[in-house]
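To start, the structure under review is shown below, and the notes come after it.
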Amino acid sequence: MDAEFQLSVIVATYNRGALLRENIEAVLAQDVDDFEIIYVDDGSTDDTWAILRDYAVQYPNRFRVLRKPNGGQGLARNLGAREARGALLLFTDDDTIPPADWVRRMRTAFEGVKADALSGGFAPVSMSSSLARYMYYREHMLFGDTPKYVRAAPMMNFLLPAKLFWEVGGFIAEPIEDWVLCRELRARKRKIYYDPRIKVRHHYQCDRAQACRRVRTPAIRGIYDQLDRGGSGIAYMLYSLANFLSSPLWSLWRFPLDLYGVSLQMEALFFRARLQAYIAALLQVRLSTPH
């Protein structure tokens, strides 16, 4: 299908009725209008679908809505990408607030860098919750404020050509769908560029269960990435153990002092999740090896 728009914004959403209007209004308030907007309801049980239908009626030429049974963000994004008419796909999450120049700047930045995919930056909507503050500082610790090439990035602010998206097979199901997409890009020698100057504001997790899940995910990604690259799992786990054992020291300068206790708890969770993933990977290899 020939692209009718240069760019398609794709948002997967699930039970986000409380924040969804804020997100939609920000996407609609862009200072350019030559792009389409696709929201995919991943089987919500709250008023998400009703909210989406209201906006689809108000903006029939640019705002499209789709619905599917619950199956995770990755598969919902795939559905949006299949229906997209844009040559470029720009993903964000349903708990972000993009600035009014977001689409224009992401598109311009992508055209100006020597990269195959572009990740923008992220900033907190609020720093009132200790968990939300911790999650922001943790993500900032990983990415920083300097434009650079990265191995992987979250999908809350991510742009790539539609053709390339399908070349790597799109997303798998959760929980590491964004990491797998980035891994497949790297496997094809494609570069990902991170530009923190183009930020979306993000509602970081205030719920402990969600925050823990977000900490476990990169822990699992890390060990599978190491093994996929043919690296030593034992060496990587020794490095992870050293990092965990030294966390009482480096947490003092990486996080504000009032987040010290939270950071130590989360580092313990992170190491435990990585260790469990490593053991699971070893068992999988053992079970698949002929005896």
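Below is a table of values for the structure above.
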read-out	value
Hits in region 121-146 (condition: part of a loop (DSSP other than H, G, I, E, B) and either charged (D, E, K, R) or over 30 Å from residue 189 (Cβ atoms) (or both))	125, 126, 127, 128, 129, 145
Test: residue 149 is at pLDDT 90 or above, crowded, with 16+ Cβ neighbours inside 10 Å and either in contact with a Ser or Thr (Cβ under 8 Å, 6 or more places away or on another chain) or not in a loop (DSSP other than H, G, I, E, B) (or both)	no
Total residues in region 29-42, condition in contact with a strand residue (DSSP E or B) (Cβ under 7 Å, 6 or more places away or on another chain), farther than 21 Å from residue 75 by Cβ and open to solvent by less than 40 Å² (accessible area, probe 1.4 Å)	1
Residue match in region 186-194 (condition: open to solvent by 10 Å² or more (accessible area, probe 1.4 Å) and assigned to a strand (DSSP E or B))	yes
Check on residue 25, outside any helix (DSSP H, G or I), at pLDDT 95 or above, on the phi < 0 side of the Ramachandran plot and of a type in the set (Asp, Glu)	no
Options 277, 281: the member that is within 23 Å of residue 139 (Cβ to Cβ), at pLDDT below 95, open to solvent by less than 30 Å² (accessible area, probe 1.4 Å) and in a helix (DSSP H, G or I)	277
Qualifying residues in region 1-28 (those that are small (Gly, Ala, Ser) and surrounded by fewer than 21 Cβ atoms within 10 Å (Cβ to Cβ)) - the one farthest from residue 52 (Cα to Cα)	3
Residue that is modelled with the lowest pLDDT, among those in region 198-220 that are closer than 30 Å to residue 112 by Cα and open to solvent by less than 10 Å² (accessible area, probe 1.4 Å)	202
Pair list, Cβ under 9 Å, 6 or more apart: region 155-171 residue assigned to a strand (DSSP E or B), other residue modelled with pLDDT under 95 and of a type in the set (D, E, K, R)	158/178
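The values are calculated or read from the model by the stated rules, or taken from the named source; none is laboratory data. None of these values were measured; they are calculated from a predicted model. Cβ coordinates were reconstructed from backbone atoms using ideal geometry, including for glycine residues, and neighbour counts include every protein chain displayed. These area figures cover heavy atoms from the full protein model, side chains too; ligands, DNA and RNA do not enter into them. Shrake-Rupley method; radii C 1.70, N 1.55, O 1.52, S 1.80 Å.
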